[in-house]
Amino acid sequence: MSTPDTRLKVCLASSELAPLAKTGGLADVSAALSAYLHDSGHDVRVLLPRYRQVESLGLDIEPVPGMANIGMRLGHDEIHYGIDRTVLPGTTLPVYLLRCPALFDRDTIYTDDHDEDLRYVLLSRAAIDMCQRMGFAPDIFSCHDWQTALIPLYLKTVFSWDQLFARTRSVLTIHNIGYQGMFPSWILDRLELGDARHHLHQDDLKDGVINFLKTGVMYADAITTVSPTYAREILGDDFGMGLNHLLRDRAGSLFGILNGVDYAEWNPETDTRIPVNYTPEDMRGKSTCKTRLMEEMGLDVDAGRPLVGIVSRLVGQKGIELVEQVVPAMLEQRDFAIAVLGSGERRYEDFFNWLKDRFPGRASYYQGFSNELAHWIEAGADMFLMPSLYEPCGLNQMYSLKYGTVPIVRETGGLADSVQQADPSTGRGTGILFRDYNAEGLYWALDRALQLYGNAALWQTIVANGMRQDFSWDTQGARYVELFEALRQTA
Ligand code: ADP
Ligand code: GLC
């Protein structure tokens, strides 16, 4: 526990925070990191948009006195918003909510609407404005992905007059460089940069583009990304997605910190969502979870048949095209079953619906988002498949390890940093990794997993190795604190 003198003051602005608003791992990480900092005695103020999805949780939400109706001009738009306050469920962490129904009361968290840029310009500026109104001088402004990546530039320009921020350092955490927030330059007025507009990337502006994430890479005091391997990968042409040259210039300020796992949420010993709890010492509950999952998902109930699970956003990044190329043929040849949960691009949803019809009893698919079913699959499957093209960190492979569900992953990003190749000759290792992003690679990995599964003693050893791994926030969060403290020293 930090003492009042040493404790950090952190403002964390994020577009997702579990369980209030989640589309993927960003939500888990921003919630767990904030909760870790808070529990360690640091003063953390989190700001999240009050999306429509937040309402369904039935939280106690109260307006913050004096911040009920704030006006802000962004280009031609006069926006009215308020700041509300709640507490992150299961913790004592205060969470501030940006209430602006005109921008955030929509069907989905992210949209293709014409004002998507405006929604997150507001979040970014409101976070700074909130600090000013509270007289809160953060040591660290913690920004996440493109949605809050303009904050470093704002702090260095438009708000540089304010002594409150004289010692504030900004950290941009890149969770996924595949989403950069690129908008046509006609939105420029909405950023309200004034003379500071010449700090935007000028070649981009000439090309008619404003790239939010790139702006963050240019101006953040430090950049982190969510695994050491991904931190190296994004310096190259293949994974840098156009930002690699800029990132190379900033390599001295770029750090890879592997995400942690919130074991209060993801632990088969205590998980209240799964049918039966189990421990590494007594795994009987896992077979019950498997048969219940098979029943629930309309699979033939067969405890001896290997069951592969997938829980994923169905987008190009996740390597679903390899699943299309390999799994139907494998299901023809081999005796195993597959349970899939996910939603996303139509073509992948169509594929899994087709697969389910083609292999009734051995393939099942739930199209949609269900946290409950995600837990059931982690507990009930024997293997977990993540053949990602790229994966900044990935959380499900780490959840899988804890649940004794052997991960089959491509050797990239955080997957490479969290799974070790199982070696039948030594009994070491925790999963199966394949290197080449092609059908042969995945075929090899699945085939190997099924072979290893056939050797019950060896399989149990690999399962046990995985369950012993520890990716808790106690370790990973401490790395953020170390970085934040080092940055504070430079102030
Ligand atoms: P990404 O953030 O790229 O989607 P991660 O592996 O970091 O990948 O995190 C994904 C998170 O979202 C995990 O907590 C996973 O369980 C959850 N998730 C993804 N798709 C679904 C879904 N359809 N239903 C429930 N949870 C999902
Ligand atoms: C992103 C990445 C994923 C990572 C998550 C949380 O969505 O795709 O790999 O685990 O953010 O950092």
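The values are calculated or read from the model by the stated rules, or taken from the named source; none is laboratory data. Predicted model, so just to flag it, every value in this text is computed and none were measured. Positions of Cβ are generated from backbone atoms using ideal geometry, with glycine treated the same way; all protein chains shown enter the neighbour counts. SASA here: full protein model, heavy atoms, side chains in, ligands and nucleic acids out. Shrake-Rupley method; radii C 1.70, N 1.55, O 1.52, S 1.80 Å.
Between Glu349, Glu332, Glu345, which is over 29 Å from Leu458 (Cα atoms), surrounded by fewer than 24 Cβ atoms within 10 Å (Cβ to Cβ) and away from ligand 2 (no atom under 16 Å from the Cβ)? Write out each step before concluding.
Values: Glu332 fails: over 29 Å from Leu458 (Cα atoms); Glu345 fails: away from ligand 2 (no atom under 16 Å from the Cβ).
Being over 29 Å from Leu458 (Cα atoms), surrounded by fewer than 24 Cβ atoms within 10 Å (Cβ to Cβ) and away from ligand 2 (no atom under 16 Å from the Cβ) holds for just one of Glu349, Glu332, Glu345, which is Glu349.
Tell me whether the stretch 286-296 contains one or more residues that are within 16 Å of ligand 2 (Cβ to nearest atom) and open to solvent by 30 Å² or more (accessible area, probe 1.4 Å). No, the conditions are met nowhere in the stretch 286-296. Restricting attention to the stretch 154-213, the residues being in contact with a Ser or Thr (Cβ under 9 Å, 6 or more places away or on another chain), open to solvent by 70 Å² or more (accessible area, probe 1.4 Å) and not basic (Lys, Arg) number 2. Within the stretch 20-59, if we keep just the residues that are within 16 Å of ligand 2 (Cβ to nearest atom) and among the polar types (S, T, N, Q), the residue that is nearest to Glu391 (Cα to Cα) turns out to be Thr23.
Checked against (1) surrounded by 14 or more Cβ atoms within 10 Å (Cβ to Cβ); (2) more than 16 Å from ligand 2 (Cβ to nearest atom), Leu17 meets all criteria but (2).
Of the helices (runs of 4 or more DSSP H) lying entirely inside the stretch 1-118, those carrying at least 1 residues that are within 16 Å of ligand 1 (Cβ to nearest atom) are 25-39, 52-55. Of the residues making up the stretch 75-107, those that are over 29 Å from the mean Cα position of the chain (by Cα) and touching a residue at least 60 places away in the same chain (Cβ under 8 Å) are Gly75, His76, Asp77. Taken as a whole, the stretch 82-103 holds no residue that is out of contact with any Leu (no Cβ under 7 Å at 6 or more places or on another chain), more than 16 Å from ligand 2 (Cβ to nearest atom) and acidic (Asp, Glu). Among the residues of the stretch 214-241, the ones that are open to solvent by 10 Å² or more (accessible area, probe 1.4 Å) and either among the aromatic types (Phe, Trp, Tyr) or in contact (Cβ under 8 Å) with a residue 12 or more places away in the chain (or both) come to 12 in all. If you go through the stretch 91-105 and keep only what is open to solvent by 10 Å² or more (accessible area, probe 1.4 Å) and within 26 Å of Ala32 (Cβ to Cβ), you end up with Thr91, Thr92, Pro94, Tyr96, Arg99. Each residue in the stretch 78-90 was checked for being surrounded by fewer than 16 Cβ atoms within 10 Å (Cβ to Cβ) and more than 17 Å from Gly58 (Cβ to Cβ), and 2 pass.
Enumerate the pairs (first residue in the stretch 380-393 and over 14 Å from Glu411 (Cα atoms); second residue anywhere and open to solvent by less than 20 Å² (accessible area, probe 1.4 Å) and among the hydrophobic types (A, V, I, L, M, F, W, C)) with beta-carbon separation below 6 Å, excluding pairs fewer than 6 apart on the same chain, so at least 6 apart or on different chains. Once the first residue is over 14 Å from Glu411 (Cα atoms) and sits in the stretch 380-393, its partners that are open to solvent by less than 20 Å² (accessible area, probe 1.4 Å) and among the hydrophobic types (A, V, I, L, M, F, W, C) give Gly380/Cys289; Gly380/Leu293; Ala381/Leu307; Asp382/Leu307; Met383/Val308; Met383/Val406; Met383/Ile408; Met383/Ala449.
Considering only residues that are of a type in the set (S, T, N, Q) and assigned to a strand (DSSP E or B), which ones fall in the stretch 153-190?
Of all residues in the stretch 153-190, those of a type in the set (S, T, N, Q) come to 157, 160, 163, 168, 170, 173, 176, 180, 185.
Those that are of a type in the set (S, T, N, Q) and assigned to a strand (DSSP E or B): Ser170, Thr173.
Return the pairs, sorted by first residue and then second, in which the second residue is aromatic (Phe, Trp, Tyr) and open to solvent by less than 20 Å² (accessible area, probe 1.4 Å), the first residue lies in the stretch 460-486 and is in contact (Cβ under 8 Å) with a residue 12 or more places away in the chain, the beta carbons are less than 7 Å apart, and the residues are 6+ apart or on different chains. Partner pairs satisfying both residue conditions: none exist. A Cβ distance below 7 Å, combined with a sequence gap of six or more or placement on separate chains, defines the contacts here; from the stretch 423-444, residues that are loosely packed, with under 13 Cβ neighbours inside 10 Å reach residues that are of a type outside the set (Asp, Glu) in the pairs Asp423/Gly429; Arg435/Gly441. Between Cys143, Cys131, the distinction of being within 24 Å of Glu78 (Cβ to Cβ) and open to solvent by less than 20 Å² (accessible area, probe 1.4 Å) belongs to Cys131 only.
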